[in-house]
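Notes for the one structure printed next.
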Amino acid sequence: MDSCVLLLTLFLSSLLLLLFFKPHHHHHLPPAPWSRLPIIGHLHLLGSLVHHSLHRLSLRYGPFFSLRFGSVPCVVVSNPHYAKLFLQDNELSFSSRLESAAIKRLTYDASLAFSPYGPYWKFVKKLAFNELFGSRGTNNFKSMRAREYDGLMGLVARKARAREPVNVTEELLKLTNGVISKMMLGESEEARDVIREVTKMFGEFNVGDFVPMMRIVDFQGYGKRIEDLFMRVKDFLDILLNYIEKESSEIKINRTHIKGLVMDFFTAATDTLAVAIEWALVELMNHPKILQKARQEIHEVIGDSRVVDESDGPNLPFIQAIIKETFRLHPPVPLVIRRCTRECAIENYVIPEDTVLIVNVWAMGRNPSFWESPLDFKPERFLKPKGGSASGSPLDVRGQHFQYLPFGSGRRMCSGLTLAMQEVPAVVAALIQCFDFQVVGPHGGILKGEDAIINVDERPGLTVPRAHDLVCVPIVRPICDTINLGP
């Protein structure tokens, strides 16, 4: 009996020593919440606003922790140090993105934004940059965008003269849709509604993407919504295809590829830019002193004889700072999501292949360790202190400062960055130059006093738009007496 106890003791001691001294770097993920459930893993910890849920978890488990979504391992990053380790130091291991069922179906599995890193992605990335979203492409369409801006200004002016409310959210979506439609040489009225729904679905959390058996049950009704939307998308994409010329290239591009790319271009440059412009306007309306300072800059630089246009952007540093601050608090895409394509080491951890990386850009933009008064809207933080040798803050939007990644970083940075930094400042500046806005409440009345503060609640989606549409009665400012805003 004593010998059995001794043998058992030796065995258990050896096992404990083996576990204690065994190297922990092999497939050793960072800490995870203990409340992992069978089949679904940690999916029950996520609310409808995933970036908020992940931020709350980071406050408890730290800036680098792991989760399990069904059978899929995930790591979540919420500070610049780890963001740099993943997105720069190990960029090649994390240059692919996670594809959801909605993305695969609605982009014909030919997406630029979500294609695996490889020859096809490199080719279409170059094509998109050269023809649409790079400096040459955006400059080629500058006059067209100016006409679209003029159309918006004329519409708002007519509403102002008639003292009628305008749904700013809808009109901005029409504007950005009109811009990308004409850049793609086609336009469809149905496109606006479809793109809004597609962007919403891209940002939703589908349990079936992580628990395959749930795809059959489809208790969320997700699969049916994808198929219904797919048929609507197919109609207007087929119309747009009539305007696209065939080109010879090193990569064979077929009809299906073109459909997927067109959908990509619409979602990249329609909803994201409209949402960004709306957030900037809301923040300015909630901060009248900042709004007045912005108007003063426009008056001093532009004068009162014309409306701001895209070419004025570099000469309006405070307007640029307002847009950057808007992107900090309301990044166009709150989560950078990548897929690990090869095992790699991050400090004392080894991240296995097919792990999903989630960088919470929204949380990093609100981290008090890196931003003073992070919840306050303070564009001045992006201005160079007086006496500096160069204009502008050293922080920019191009993914080199990892506490601030509104467009991502590296090879998979957002292709629409150049277009965004031309279009968003120009539209925001023109609207505040020419109009005041009175906010219309949910019951149709004009909000006044403290009630006029616009809430900044969000609703789910790839771009995290405001929870409710912005509806205002515009008022023409005195400057417009000298500017022709159309009939």
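The values are calculated or read from the model by the stated rules, or taken from the named source; none is laboratory data. All values reported here derive from a predicted model rather than from experimental measurement. Quick reminder, even Gly has a Cβ in these numbers, built from the backbone with ideal geometry, and neighbours come from all protein chains shown.
The table for this structure:
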| read-out | value |
| --- | --- |
| Pairs with Cβ under 6 Å, 6+ apart, first in the range 429-447 and among the β-branched types (V, I, T), second part of a helix (DSSP H, G or I) and modelled with pLDDT under 95 | V439/A452 |
| Residue within the range 349-360 that is under 19 Å from A276 (Cα atoms) and of a type in the set (V, I, T) present | no |
| Residue count, the range 24-75 (criterion: of a type in the set (F, W, Y) and assigned to a helix (DSSP H, G or I)) | 1 |
| Odd one out for L462 among (1) in a loop (DSSP other than H, G, I, E, B); (2) of a type in the set (A, V, I, L, M); (3) within 26 Å of F318 (Cα to Cα); (4) at pLDDT below 90 | (3) |
| Filter result (crowded, with 18+ Cβ neighbours inside 10 Å and part of a loop (DSSP other than H, G, I, E, B)) within the range 100-121 | S100, T107, Y108, A110, S111, L112, A113, F114, S115, Y117 |
| Flag for R342 being of a type in the set (K, R) and surrounded by fewer than 21 Cβ atoms within 10 Å (Cβ to Cβ) | yes |
| Number of the exception - V156 against (1) under 25 Å from the mean Cα position of the chain (by Cα); (2) surrounded by 15 or more Cβ atoms within 10 Å (Cβ to Cβ) | (1) |
| Subset of the range 126-164 [part of a helix (DSSP H, G or I), within 29 Å of V440 (Cβ to Cβ) and of a type in the set (D, E, K, R)] | R145, R147, E148, D150, R158, K159, R161 |
| Matching residues in the range 313-364 - criterion: being under 30 Å from I302 (Cα atoms) and among the polar types (S, T, N, Q) | N315, Q320, T326 |
| Residue match in the range 181-198 (condition: under 22 Å from D309 (Cα atoms), modelled with pLDDT of 85 or more and not hydrophobic (A, V, I, L, M, F, W, C)) | no |
| Residue that is over 20 Å from S95 (Cα atoms), hydrophobic (A, V, I, L, M, F, W, C) and out of contact with any Gly (no Cβ under 6 Å at 6 or more places or on another chain), where the choices are I358, I322 | I322 |
| Candidates A276, A345 - the one that is within 30 Å of P80 (Cα to Cα), in a helix (DSSP H, G or I) and in contact (Cβ under 8 Å) with a residue 60 or more places away in the chain | A276 |
| Flag for A467 being of a type outside the set (D, E, K, R), modelled with pLDDT under 95 and touching an Asp or Glu at 6+ places or on another chain (Cβ under 7 Å) | yes |
| Any hit, the range 305-328, residues being of a type in the set (A, V, I, L, M, F, W, C), in a helix (DSSP H, G or I) and out of contact with any helix residue (DSSP H, G or I) (no Cβ under 8 Å at 6 or more places or on another chain) | no |
| Residue selected from the range 91-146 under the condition over 19 Å from L273 (Cα atoms) and β-branched (V, I, T), by the criterion nearest to the chain's Cα centre (by Cα) | I103 |
| Candidate set: the range 54-77, residues that are farther than 16 Å from H28 by Cβ and small (G, A, S); chosen: the one nearest to the chain's Cα centre (by Cα) | S58 |
